[in-house]
Structures are given as C-alpha cells and as structure tokens.
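The values are calculated or read from the model by the stated rules, or taken from the named source; none is laboratory data. What you see is a predicted model, and the numbers here were worked out from it, not measured in a lab. When we count neighbours, we look across all protein chains shown, and the Cβ atoms used for this are built from the backbone with ideal geometry, even at glycine. Side chains are part of the model used for accessible areas, which takes the heavy atoms of the whole protein and leaves out ligands, DNA and RNA. Shrake-Rupley method; radii C 1.70, N 1.55, O 1.52, S 1.80 Å.
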2 protein chains.
Amino acid sequence: MPGPRGEYRKSAQRRAQILDAAFEVFSRSGYTASSVNEIARQVGITQTGVLHHFAGGKKALLQAVLEQRDARAEGVLERRTGRAFLAGLVEISRAQASQRGVVQMYRHLSAEAVDPEHPAHRYFRDRLRRIAAAVEGAFCEVAAEGGLREGVDPAQAAQRTLAMTEGLEHLWLMGHEVDMAEDIRRVIDEFLVEPLPSAPDRQDPDAGEGA
Amino acid sequence: MPGPRGEYRKSAQRRAQILDAAFEVFSRSGYTASSVNEIARQVGITQTGVLHHFAGGKKALLQAVLEQRDARAEGVLERRTGRAFLAGLVEISRAQASQRGVVQMYRHLSAEAVDPEHPAHRYFRDRLRRIAAAVEGAFCEVAAEGGLREGVDPAQAAQRTLAMTEGLEHLWLMGHEVDMAEDIRRVIDEFLVEPLPSAPDRQDPDAGEGA
C-alpha cells in the first residue's frame, strides 16, 4: 500500500495526465468547444475525478495548461540579456517548427481570447505585454552597447519583431513555406550593427538531438 | 399584395438580414460555438426559416458571409497594379481600424480554420495564397519599373508584408498601441526606392467621409 508520499506522487502524476489531456483537447477543439467531460474521457476517469484536481473546472484547467507551457518556454530566456536574449527568440522559433499542435493551440486560444469576456483574455494580454517589455528591454541593452543601427527605436523594433513572429506563425500554419526561425533572425538582424550568430548546421551529425 | 418582383425583393432582404446576423454571431462566438438557432433568434425567425435561405446550414452561412465580405474588400484592389496596389493595402488597413469586430472575426475564424478538418480551412488557405500571389505580383510590377531597392525579392517582400499585416492586427486586437496602416506603409516603404504617398491628412475637414 502506498504511504503518504506514494499517494502524493500518484496524485501529482494524475494531475500531470489531466493537464496533458487538457492541452490536447484544447489544441484540437479550442477552449470554447472543449468540455471537462471530454478531458476526463481522454484520461479515462470521471468528470468528478478531474474536478477533484481542478476544482475551478475548465477555466482552472486552461490557466494551468498555459502556465505550465509558459514556464517551460521562459526557461530558454531566463538570465539572458541583450543579443543573447534576441538569439533566444530565434531558438524558440526553431523549436516551435516541430510543435505544430502547440503553436496551433496558442493561435486558436489567443484568437478566441481577443474577446475581453474570454476567461483567458487577461492572461494573453498580460503575457503579450510582458513579452513586449522583455524584447524591448533586450533591444535597449543592445542599444546601450552601441549595437543598434542608427535611427532604430527599441520599442518599435520590439513591436515589429513580435508582429513578424505572430504573422509568420500564421502563414506557416496555413501551409506557406516559411522558415520561421531564419525569417525572424533576418528581421532582428536588420536592427543590429552585427548580425546574430547564424543557425547551427543542422546537417552536422555531431550536433546532437537536433540532427 | 407583392407581385413576383416584390417577393424576390423580400426574399433578398431576408437573406441579407440573415447574413448580417450570421456575421455578428460568428464574430462574437467563433464558428464552432455558434449555432443556426442563435442566428435565427437574432433575426427573429425560426431555424427552418434560415434553412429555407441557406439549405447547407451553418457551413453554407459561413461561406456566404466570407464571400460577401471578401467581395467588398477586393473592390479596393480591383484594376490596381504595382505601387497603386500596394497603396491599396495601406488603405484597407486604415479602414479596418474602425472595424474591430470584423477583424476579430477573421482572426477568430482563421485561427480555428488552421485545423485542416475545419469547413473553412480550404477557404482561408486559398484566400491567403491568392492574396500572397497578388501582393507578389504587385511587387514584381514595381520591380519591372525599377522601383524596388537592390536585393529585394518580390516573393519575400510579399510574405513579409502579409506576415506584418497579420501580426500587427493581433497586437492591435490585444490592446497594443498600433497604427496598423502607418506601420504597414513603413514595412512596404523599406522595399521601395520611392516611398508610397503618405497618409491623407485626416484632420482636413474637406477630406470627405474619412474626416
């Protein structure tokens, strides 16, 4: 029989299973058309079983899914500044090219959440502001080192970088040939005196898991 | 009693009412969460009444709504080429700044339609390809007159213009301060030897309906 620690581990595992299922169901159907029931079925438990872990129901599941995902993504940018931060944006785009479902869910949800009444509206709005501020901060750091081209305004550079990222994702999801990471690198490079380091050679057999 | 022409006119009016209602309901709730019933209620008729005009139900309504809207927007670009076409893109963006609901619906629907199973997937995919081809065509026409800066590739310029348009719309809908038309004009100008004519002075009391 599992002791208290075993119970705790079991509960944490179940919670993680529910979050994975919620992520998948939200990705597939969008928030509005998804139900706690569908998520419960996906895990193979009852709706009550889901509510035991997420008493706030569908809204609580949405929030938990988004926070988990963001915490992972923000790991890439943590403790980076200036050019290294900007290079991190390119790396995130490169990783997303193999995560179509995730990108699709973010687009789907953030498009729904444009409605101020949507439960995730504030989340997406605050997240976008936070990202915009961080990107602007990175451009300011580069500016302080004399690394921005003449006449480039950090706030505008940040806004254009974000808009391009968003727009390229959409074209990519709609089947256009887009190399998101390289295109975003080019956009960023236009603001910089020295271009960012170019992409690692993904053909290199020693390059590790990316090969 | 209305004769056959009166009947026809009545029927056309009812059809237009239903389309307006469908547009509003889709804008508010997105396609998936909308129902023919809700659209019928909005018009004040029965579901059967709606199906009399749109036998294909919700899918048919969606298609009709999108086609009507596009036909109106394409009017702006008809018969324009080269720089005049590119200036038309800026004008469309300027008009959209007063159509938040419309822009919101397009984003909502096109984000849903990223899913290849969505009934509007093909519509949005084909529409985006058509627009991309038209914008690329305009940049090619400008290139033929020597109007593009050295090293600018028309296909890439078109893709970046579209991505920026899409991305700026998103930032705008999420509450960022964005002057979409001016920002898109700046993006296009970076590809051109001569900048596009600048915005008409919207403070000018003689400027007509834009004033």
Subject >> Pairs, first within 12 Å of another protein chain (Cβ to nearest Cβ) in the range B:146-160, second open to solvent by 40 Å² or more (accessible area, probe 1.4 Å), C-beta under 7 Å, six or more apart >> reply: B:Ala155/B:Glu136; B:Ala158/B:Glu136
Subject >> Output for the range A:138-160, where each listed residue is under 23 Å from B:Leu173 (Cα atoms) and open to solvent by 20 Å² or more (accessible area, probe 1.4 Å) >> reply: A:Asp153, A:Pro154, A:Ala155, A:Gln156, A:Gln159, A:Arg160
**OP:** Taking the residues in the range B:46-96 that are in a helix (DSSP H, G or I) and of a type in the set (Asp, Glu) as candidates, determine which candidate is nearest to B:Ser34 (Cα to Cα).
**Re:** B:Glu67
Original post:
Given the conditions (1) more than 10 Å from every other protein chain (Cβ to nearest Cβ); (2) open to solvent by less than 30 Å² (accessible area, probe 1.4 Å); (3) on the phi < 0 side of the Ramachandran plot, and given that A:Leu168 satisfies all but one, which numbered condition is not satisfied?
Top reply: (1)
**OP:** Return the total of residues in the range A:1-19 being open to solvent by less than 40 Å² (accessible area, probe 1.4 Å) and within 28 Å of B:Asp115 (Cα to Cα).
**Re:** 2
Subject >> Selection within the range B:181-196 - of a type in the set (Asp, Glu) and either surrounded by 23 or more Cβ atoms within 10 Å (Cβ to Cβ) or within 9 Å of chain A (Cβ to nearest Cβ) (or both) >> reply: B:Asp183, B:Glu190
**OP:** Select, from B:Ala33, B:Ala16, B:Ala60, the only residue that is of a type in the set (A, V, I, L, M), in contact with a Phe, Trp or Tyr (Cβ under 6 Å, 6 or more places away or on another chain) and without any contact (Cβ under 8 Å) to a residue 24 or more places away in the chain.
**Re:** B:Ala60
Original post:
A:Pro205 versus (1) more than 16 Å from the chain's Cα centre (by Cα); (2) modelled with pLDDT of 90 or more: which is the lone unmet condition?
Top reply: (2)
**OP:** Answer with yes or no whether A:Ala22 is open to solvent by 40 Å² or more (accessible area, probe 1.4 Å) and hydrophobic (A, V, I, L, M, F, W, C).
**Re:** no
Original post:
Taking the range B:97-128 as the region of interest, how many residues are assigned to a helix (DSSP H, G or I), open to solvent by less than 30 Å² (accessible area, probe 1.4 Å) and facing chain A (nearest Cβ under 10 Å)?
Top reply: 12
**OP:** Examine the range B:20-38 for a residue that is under 20 Å from the mean Cα position of the chain (by Cα), among the aliphatic types (A, V, I, L, M) and either within 14 Å of chain A (Cβ to nearest Cβ) or more than 23 Å from A:Val114 (Cα to Cα) (or both), and state whether such a residue exists.
**Re:** yes
Original post:
Given the structure, is B:Arg41 assigned by TED's automatic domain parsing to the domain that holds B:Glu194, basic (Lys, Arg) and either assigned to a helix (DSSP H, G or I) or open to solvent by 60 Å² or more (accessible area, probe 1.4 Å) (or both)?
Top reply: no
Original post:
Can you pull out the residues in the range B:31-75 that are among the acidic types (Asp, Glu) and farther than 26 Å from B:Asp126 by Cβ?
Top reply: B:Glu38
Original post:
Which number in (1) open to solvent by 20 Å² or more (accessible area, probe 1.4 Å); (2) under 23 Å from B:Glu24 (Cβ atoms); (3) at pLDDT 85 or above marks the one condition that B:Val178 misses?
Top reply: (2)
